[in-house]
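The values are calculated or read from the model by the stated rules, or taken from the named source; none is laboratory data. This one's a predicted model, so the numbers in the text were calculated from it and none came from an experiment. Cβ coordinates were reconstructed from backbone atoms using ideal geometry, including for glycine residues, and neighbour counts include every protein chain displayed. With ligands, DNA and RNA removed, areas are computed over all heavy atoms of the protein, side chains included. Shrake-Rupley method; radii C 1.70, N 1.55, O 1.52, S 1.80 Å.
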Amino acid sequence: LMLMSHEIRTPLNAIIGITQLFEQTSLTFEQQELLDNIRTSSFTLMHTVNDMLDFSRLDAGRFSLNPASCNLRKVIDDSVMMVSDM
């Protein structure tokens, strides 16, 4: 699983990086919306990969918690916006 996660992370980091480069250009409203969807989806996939790694560590007995705060309202709003665009 560790090797697979790196195989997924490397191109995903490239997608995120290219998205950031495109954000620095002038875009139409539609292009900006599409770019926002790519960014949100990329970060969602990255979190999924990280979750899979956490489960792998848990299964191997090497898991530790790292508390972090999040803006639940923003997470919900972003999720609803992404699903409503489909």
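Structure summary
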read-out: Sparse-neighbour loop sites [trypsin sites (Lys or Arg not before Pro); the range 36-86; at most 16 other C-beta within 10 Å; DSSP]; value: 62
read-out: Accessible surface ranking that places the most exposed of 8, 18 first, with a 1.4 angstrom probe; value: 18, 8
read-out: Accessible surface, per residue, of the chain when the full set of protein chains is kept, probe 1.4 Å, Å²; value: 80 Å²
read-out: At R0 = 30 Å, FRET efficiency that the Cβ-Cβ distance of residue 76 and residue 51 yields, to 0.05; value: 0.95
read-out: Using θ = phi - 60° and Karplus 6.51 cos²θ - 1.76 cosθ + 1.60, couplings along the range 69-81 (whole Hz; Gly, Pro as x); value: 8, 8, 9, 4, 4, 5, 4, 5, 4, 5, 5, 5, 5
read-out: Within the chain, helix-based [θ] at 222 nm, where runs of 4 or more DSSP H residues each add -39,500 (n - 2.57), nearest 500; value: -27000 deg cm²/dmol
read-out: Contour excess over end-to-end distance, with Cα ends at residue 43 and residue 27 and 0.36 nm allotted per residue; value: 3.7 nm
